[in-house]
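Structure first, commentary second.
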Amino acid sequence: MPSGSRASAGGAQAGGAQAGGAQAGGAQAGGAQAGRAQAGGAQAGGAQAWKRPAPSLTTDTARPEGGGRAAPRDAPAPARQWPLLTVLGLAGIGLLVVGTDAFWQSFRIGTMLVGAALLVGAVLRRVLPSVGMLAVRSRFTDMITYGVMGGLIVLLALMVQPRPWLKIPFLEDVLHLTVT
């Protein structure tokens, strides 16, 4: 082989040398052009699309089951994503209640609204076949994640001091041990 045309292990060619009867045209990214030329010789037309072989193991994440639109394509964008906007709106109202501190126990009420928003998200994910961008993972994983997080937030909002609305003795002991 002349010094200007050295083949690498991946099939990339340097210096525009010929590879198996086809012109490689310089170093190619990933060796795709030169690798094809070495494997199959000269191709008719010279521009056939290369298809990656199917992997033996799955390396990508699958699209969520409910990842489609929640409304038809011709509907405006907010209407297509109404489940997500419902959850975000309810959580936003809860944060607004907490942030403004407009009335007594507003921290408790606002935090419960945030937890309720996640619980509504879990119910929507279970009931609706297509929830738009509310679908992040599989239906089961989304329901468990939204439900557990929402339930914990509501539970902690009910137990917050002073004068908790819900008293669970063993959780109070854990809280006192961590705070004091």
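Quick rundown of the values:
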item	result
Scope region 50-88; condition within 14 Å of VAL136 (Cα to Cα), touching a Lys or Arg at 6+ places or on another chain (Cβ under 9 Å) and at pLDDT 75 or above; matching residues	GLN81, PRO83
Considering residues of region 109-165 that are within 26 Å of PRO72 (Cα to Cα), touching a residue at least 40 places away in the same chain (Cβ under 8 Å) and assigned to a helix (DSSP H, G or I) only, the residue most open to solvent (accessible area, probe 1.4 Å)	MET133
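The values are calculated or read from the model by the stated rules, or taken from the named source; none is laboratory data. Computed from a predicted structure; not experimentally measured. Note: ideal-geometry Cβ built from the backbone for every residue, glycine included; neighbour counts use all protein chains shown. Just so you know, the surface numbers come from the protein's heavy atoms only, side chains and all, with ligands and any DNA or RNA stripped out. Shrake-Rupley method; radii C 1.70, N 1.55, O 1.52, S 1.80 Å.
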